[in-house]
1. For the range 40-61, how many residues are surrounded by fewer than 17 Cβ atoms within 10 Å (Cβ to Cβ) and under 19 Å from Gln96 (Cβ atoms)?
2. From (1) closer than 23 Å to Ala335 by Cβ; (2) modelled with pLDDT of 90 or more, pick out the condition that doesn't hold for Gly286.
3. Of the residues Leu302, Leu280, Leu315, which single one is without any contact (Cβ under 8 Å) to a residue 40 or more places away in the chain and under 22 Å from Val381 (Cα atoms)?
4. When you go through Glu80, Glu14 one by one, which is the residue that is assigned to a strand (DSSP E or B), at pLDDT 80 or above and of a type in the set (Asp, Glu)?
5. Identify, from the list Ile205, Ile227, the residue that is in the same structural domain as Met372 (by TED's automatic domain parsing), more than 28 Å from the chain's Cα centre (by Cα) and part of a helix (DSSP H, G or I).
6. Take Ile207 and tell me if it is out of contact with any strand residue (DSSP E or B) (no Cβ under 7 Å at 6 or more places or on another chain) and surrounded by fewer than 19 Cβ atoms within 10 Å (Cβ to Cβ).
7. Among the residues of the range 323-353, count how many are farther than 15 Å from Ile268 by Cβ, among the β-branched types (Val, Ile, Thr) and buried (at least 24 other Cβ atoms within 10 Å of the Cβ).
8. Taking Met319 as the residue in question, decide whether it is among the hydrophobic types (A, V, I, L, M, F, W, C), assigned by TED's automatic domain parsing to the domain that holds Phe236, farther than 18 Å from Ile227 by Cα and surrounded by 16 or more Cβ atoms within 10 Å (Cβ to Cβ).
Amino acid sequence: MTSQEIHANPALAELDCGSRDLLIRISGSWSTGDQLPVAETFIASLPDTGSQTLSFNTSGINRWDSRFVSWVIKVTDAAEARGIPVGYQGLPAGVQGLIKLAKAVPEHKASAPREEASGLLTRIGHGVHAFVDQTGELLAFLGEVFLAFTRMLTGKARFRGGDLLLYIQQTGVDALPIVGLISILVGLILAFIGAIQLAMFGAQIYIANLVGIAMVREMGAMMAAVIMAGRTGAAFSAQLGSMQVNEEIDAFKTLGIDPVEFLVLPRILALTLMLPLLCLYADLLGILGGAMVGTTLFDISLTLYVEQTISSISLADVMVGVVKSGVFGILIALAGCVKGMHCGRSASSVGDATTAAVVMSIVAVVVADAVMTLINNAIGV
């Protein structure tokens, strides 16, 4: 049959409402480029309800493609929605197979379900319930970490030393450029802010005191912690979350390997060891940034600036910043790991866990810094 003969037989669909069945007679060419009957118009001619079975007669069809399958699915879905039984035996075998495959696959729904509007009390209740669940997960995770740390002290923890060295490199050496850049800029900013006020009294030399004390007690540890929260805490959460999605953590459990020992413990150890060193590095570069401002804009000699800085900083000031940074390292590592270990099973869940890890880390760092500052003031350190 030539193409002219095919197009001379347009696609037709006729509904025969017999006494026993509803029969749809299909004829003509049903493929791309052909004018097909409008499915919605044909559906409107179906009875609203009935016990008659809807069947097909396709002996007059010339050719068909996916457009015909789509048309049949629309009509049969509408018939089944009205309670009309459908028989597919009269359709070509290929059409029956495609329809069976289409109906076997469930309709795809977005991974993030649409939230329905709810009242204030309902939202508060959901928030409290989520907070209780997350608190329980965090406490359980802290217990597992404590047990893993105890087993490490007794030499029974199982993790690879190579992994620990890799995490030390990632959280230490690889973080030096960004920590150094931010620390120098913070030192410059502190020096400029202090100089504006101190210059009014001719006391520019005390820029060294201001920058030195601020960096070693607060800003060095704080800026290093914030940088590592966004850089390393997020990385820990994304890594563990991806392993959760790929069921790698389940595989560890199946093999009898504690994932907290093997995956979490070396990450916590690496960040806890490296953040105090990054804090000292940030302190040094922050003081250097303040010295750049003092020596270039306010005619303070470098020797005098260094002597003034040394005289204003005590060992206790340095230790305060180092201890804070160690605590910050533990908090950041815990936040990243707990969010990654309790991640969902989809790609969007990994993103949500990473975002939550960064937010949780920064909030924990700020709260811990405030608490430790109050304690230091209370004991006179």
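1. Adding up the residues that qualify gives 4.
2. (1)
3. Exactly one of Leu302, Leu280, Leu315 is without any contact (Cβ under 8 Å) to a residue 40 or more places away in the chain and under 22 Å from Val381 (Cα atoms), namely Leu315.
4. One residue alone meets the criteria, Glu14.
5. Residue meeting the stated conditions: Ile205.
6. no
7. To start, the set of residues in the range 323-353 that are farther than 15 Å from Ile268 by Cβ comprises 323-324, 342-353.
From the residues that got through so far, the ones that are among the β-branched types (Val, Ile, Thr) too are 323, 350.
Subsequent filtering for residues that are buried (at least 24 other Cβ atoms within 10 Å of the Cβ) retains none.
Residues meeting the conditions: 0.
8. Working: among the hydrophobic types (A, V, I, L, M, F, W, C): yes; assigned by TED's automatic domain parsing to the domain that holds Phe236: yes; farther than 18 Å from Ile227 by Cα: yes; surrounded by 16 or more Cβ atoms within 10 Å (Cβ to Cβ): no.
Answer is no for this residue.
The values are calculated or read from the model by the stated rules, or taken from the named source; none is laboratory data. Just so it is clear, the model here is predicted, and its values are computed rather than measured. Neighbour counts are summed over all protein chains in view; Cβ atoms, including those assigned to glycine, are modelled from backbone coordinates with ideal geometry.
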